[in-house]
Amino acid sequence: MSRVTTTARPRRELLLQSAADLFSARGYHAVGIDDIGAAAGISGPGVYRHFASKQALLEALCDRALDSMLEGAREIPAHQADPAKALAALVDLHVDFAVGRRTLLGVWTREQRALPDEVRRSLRRRLRAYEQPWREVLGRLREDLPPDEVAVAVTATLSMLNTAAIVDADVSPDRLARLLRRMALSALLGRRAPRH
């Protein structure tokens with residue numbers, strides 16, 4: 001039993017990574033199950049032993065993107081009482097994801113529209129849950145903004161950071177992370193953010 005588990009997990013991971021790479025490079029609709037299987041080194045029909053459909057692969061990728069972000073965002077305010085440090089940590093969390101997992105974030109940003117309405121609604125609910133810690137922390141720092149404007153600032157800033165995943169620019173990951181961090185803090189705090 002454990003042998004099946006240990007061999008099945010890497011194959012599933014390989015399929016997810018292959019699907020993410022292909023969806024990112026060519027778009028969801030231009031990629032077939034046979035393409036994903038070939039990229040993962042198995043026959044197209046072999047994919048169905050791990051995922052019911054190409055759509056199930058996309059849903060798993062979107063779930064993965066949100067799961068890792070949501071867990072991190074919930075932990076930060078619980079462990080950081082200073083709202084300025086908590087906001088910086090939330091920004092770093094998202095920037096690290098945007099730079100380090102660009103392919104996955106790019107798929108999330110561009111391809112989730114291919115999912116059924118009920119799945120998209122579920123993802124939107126989880127996205128609102130991800131934004132909630134941001135809103136709470138920013139609300140403590142921006143008493144000049146009513147809650148609805150805090151919500152707009154958070155959503156707009158996250159959208160800006162997500163767009164970095166699909167921008168084709170010849171910028172090193174370190175430089176990109178520094179730039180995105182400065183831009184996000186400037187947008188959220190309404191002032192020029194310090195360079196570092």
Of (1) in contact with a Gly (Cβ under 8 Å, 6 or more places away or on another chain); (2) surrounded by fewer than 20 Cβ atoms within 10 Å (Cβ to Cβ), residue 150 satisfies all except one. Which?
(2)
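Are there any helices (runs of 4 or more DSSP H) wholly within segment 1-91 with 1 or more residues that are in contact (Cβ under 8 Å) with a residue 40 or more places away in the chain and surrounded by fewer than 19 Cβ atoms within 10 Å (Cβ to Cβ), and if so which? Talk me through it step by step, then tell me what you get.
Values: elements: 2-26, 33-40, 54-79.
Per the criteria, 2-26, 54-79.
Pull up segment 41-70, narrow it to residues that are among the charged types (D, E, K, R) and over 17 Å from the mean Cα position of the chain (by Cα), then point me to the one that is nearest to residue 31 (Cα to Cα). Write out each step before concluding.
We begin by selecting, within segment 41-70, every residue among the charged types (D, E, K, R); these are 49, 54, 59, 63-64, 67.
With over 17 Å from the mean Cα position of the chain (by Cα) added as a condition, the list becomes 49, 54.
Working: 49: 18, 54: 9 Å.
Among them, the one singled out is 54.
Which of the helices (runs of 4 or more DSSP H) found entirely inside segment 101-165 contain at least 1 residues meeting this: touching a Pro at 6+ places or on another chain (Cβ under 7 Å)? Explain how you work it out, then say what you get.
Values: elements: 102-111, 117-141, 147-163.
Where helices (runs of 4 or more DSSP H) fall fully within segment 101-165 and carry at least 1 residues being touching a Pro at 6+ places or on another chain (Cβ under 7 Å), they are 117-141.
Throughout, read-outs are computed from the coordinates displayed, never taken from laboratory work. The model shown is predicted, which means the values in this text are computed figures rather than measured ones. Note: ideal-geometry Cβ built from the backbone for every residue, glycine included; neighbour counts use all protein chains shown.
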